[in-house]
Every structure is written in structure tokens, then in C-alpha cells.
Amino acid sequence: MTFLTNQDRRWLARWLMIVACFIIGIVVVGGITRLTESGVSITQWNVISGTLPPLSDAAWQAEFAKYQATPQYILVNGPAGMTLGTYKAIFFWEWLHRLLARGIVMVFALPLVWFWARGKIPAGYKPRLIALLALLGLQGAAGWWMVKSGIYFDVKVSHFRLATHLLLALVSLAGMVWTALDLVSAGPPARLRPIAALALGALVLQLMLGAWLAGLRAGVVAGAGWFNWQAWPLMQGQLWPDGIVWAKGVVFAACHDPYLIHFMHRWWAWVVVALMIVLARRAKSAGNRPAAIALHSAIGTQILLGIATVWSGVWIPIAVAHQLTGALLVMATTWSAHAIGRRAV
């Protein structure tokens, strides 16, 4: 039986945090891909040949021809006069997004095989690491499932599939961070305490609403303009926005109406803030002041960036920073949840 040292456990934790950084990177690139309307620019999923972009004029023309058969091109970009040069620009972001996806799987799978072969994985961690690998594979499958909805059915991808794709990435991120923290902590693995589960659940709902909002292009329905109070905290100058369509019922409106989803996203955020403050205080009481500071900083920055995203009219750099901070908030929440879970054991 191989003896595992604390250094072995630290190496495993570092590897998982490197994978976590890759996931943050792909979340950012995914945000840019959505905001630049690049998601359906590549209409096929070729695991090997798709690693390289087209390398000749003929290959570029062939890719462009496939894209020209999509609803997005036929109904939007074609009438707008999209050229091959413009197509190349949106192709880049989707290609980079898929390249990073391949990279994440390799950065996780290859070291996993190496650590496993050398007997460097502690008892009880193999099922968890296999589950994380499966989650990464599911994330890739969900990405293609999402893209297909924009290739065959609509000018944009399904906001439900977009949310599934994003949430799987963020669940993977939380799993990497939690497992890394378990590896470097003395004693048994941490437990998920009720207040931590409540905070994480509220955050998941907020992230889902944010993904729906992004998928429905609902960031601009409240209006815009820097420090324009008519756009935030109000929507079009009102607390309760005009334009919500109730014809198909409350549930349908809550899942499909851009005005209502925007309204829910901006006000559910304050429920999340309250829970994060409680969680951060619990983490501090548990002796992990850095985790509490990280959580306070992340949630505060995220709220400010959300407001700025609306005021700016969804300016891409600010919107991407908002998505990046969302991923960092997931990490900080996981860290604080783990801190109070350690106190419980």
C-alpha cells in the first residue's frame, strides 16, 4: 500500500485548482461567445479535426456555407450583410471556447490517470474524482446540445439549455474547489451545513436566472444610461415593468418573459446578498477570516457589476466581468461553506 504524504495531498489540491482556473477561463470565453452571438458559428462537433480552424480559403468558404443554412444567418446576419471576414470573427470565439473545453478534459484526465497509476489518490477520493470527470464530460455534451438548438430551431440558442450548460460548469468548479480544500484540510471531509446549502441553492437560482436573462437578451429591457435611476433600480422608470405577457400563465411568463425574468434576477440578488452575509459571518466565526473577506468582496463586486451592466446597455467588457465575478463568487461561497463544514466535523 502506497503511503501518502501531506505533500502528495497538496499536489492533488494544486492540480484541482489549476483545473478550476481553466473552468473560470472557459466561463469567461463562453460569456464573450454569447455576447458576440458566436455560439452557432460552428455547426458541427468534430472532436479531432475541429481542434484546428480552417486553414485554406476553400475550407473557410465551406464552414461559412454551413453557417449560412442556420436560422441565425437566414433571418438576422444574412439580411444584415455578414461577410466572410465578420464570420471569421465570431468563428474565433466559438472555436476558442471548444478548444478550452478539450483542454480542460485533458488537464483533468491525464493527471488523474498518472496519480491513480502511482497510487497517489487518498482512500475515498477515487469515486469523487471519477464523478468530477463525468461532470466535465456531461458539460461538453450539454454544450453541443445547447448549440444544436440554435442551429436547427431558432436564431439563438435555448435559454434553458444555456443555463444547463453554465450551471454544469459552475457545479464542476465548486466540486473542484471543495475537493481541493478537503485534500489540504486535516481530518475527515467537510460536511455541507444547512445554511451553506441554503446559500448555495439561492446562488444557483440566481445564476440560472442570469443565464435565462442572457439567453433571452433581456439585459437591455429596463433601459440604459450611466447613473440612470430610471433603468436601475427602476425598470423603464417603474418598479414593476410594463411589457410582461401573462397570456400563457404565470409559470410560462416566469420562465420565458424577458421583463419578468430581468425583474426576478435583479431582486432575488438581494436575497442572495443577505444569505452570503450570514454565511461569511459563520465562516469568520469558524476561524476562516480570508474566506469571509473573499465572499464579502465577491458578492459586493458582483452587485456593482450587475448594476453597471444594465446602465452600460450590456457593454461587453462589463458584462463579461459580471460573469467572471459570478464564477469567483461560486468559489468564494464554496470556500466559506467548506469552512463552516469543517467546524461541524
Take the residues of the range 107-124 that are open to solvent by less than 20 Å² (accessible area, probe 1.4 Å) and assigned to a loop (DSSP other than H, G, I, E, B): which is farthest from residue 24 (Cα to Cα)? 122
So, in the range 190-203, how many residues would count as being open to solvent by 60 Å² or more (accessible area, probe 1.4 Å) and either of a type in the set (S, T, N, Q) or in contact (Cβ under 8 Å) with a residue 40 or more places away in the chain (or both)? 4
Does any residue in the range 38-58 that is hydroxyl-bearing (Ser, Thr, Tyr) come within less than 9 Å, Cβ to Cβ, of a residue that is in a loop (DSSP other than H, G, I, E, B) and surrounded by 13 or more Cβ atoms within 10 Å (Cβ to Cβ) six or more places away or on a different chain, and which pairs are these? 41/70; 43/70
Is it true that residue 183 is within 25 Å of residue 18 (Cα to Cα), open to solvent by 40 Å² or more (accessible area, probe 1.4 Å) and either in contact with a Phe, Trp or Tyr (Cβ under 8 Å, 6 or more places away or on another chain) or modelled with pLDDT of 95 or more (or both)? no
Looking only at the range 237-250, which residues are more than 16 Å from residue 222 (Cβ to Cβ) and either open to solvent by 80 Å² or more (accessible area, probe 1.4 Å) or among the acidic types (Asp, Glu) (or both)? 245, 246, 247, 248, 250
Any chance you could count how many residues in the range 133-180 are modelled with pLDDT under 95, over 18 Å from the mean Cα position of the chain (by Cα) and assigned to a helix (DSSP H, G or I)? 5
Looking at (1) exposed (fewer than 15 other Cβ atoms within 10 Å of the Cβ); (2) within 27 Å of residue 15 (Cβ to Cβ); (3) modelled with pLDDT under 95; (4) not polar (S, T, N, Q), can you tell me which one residue 130 breaks? (3)
Restricting the range 204-236 to residues that are open to solvent by 30 Å² or more (accessible area, probe 1.4 Å) and among the aromatic types (Phe, Trp, Tyr), which is farthest from residue 324 (Cα to Cα)? 229
Considering only the range 59-67, I want to know if a residue exists there that is assigned to a helix (DSSP H, G or I), free of Cβ contacts under 8 Å to residues at least 12 places away in the same chain and not hydrophobic (A, V, I, L, M, F, W, C). no
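The values are calculated or read from the model by the stated rules, or taken from the named source; none is laboratory data. Here the structure is a predicted model, which is why all the values come from computation and not from measurement. Positions of Cβ are generated from backbone atoms using ideal geometry, with glycine treated the same way; all protein chains shown enter the neighbour counts. Heads up: the accessible areas ignore ligands, DNA and RNA and are worked out on the full protein's heavy atoms, side chains in. Shrake-Rupley method; radii C 1.70, N 1.55, O 1.52, S 1.80 Å.
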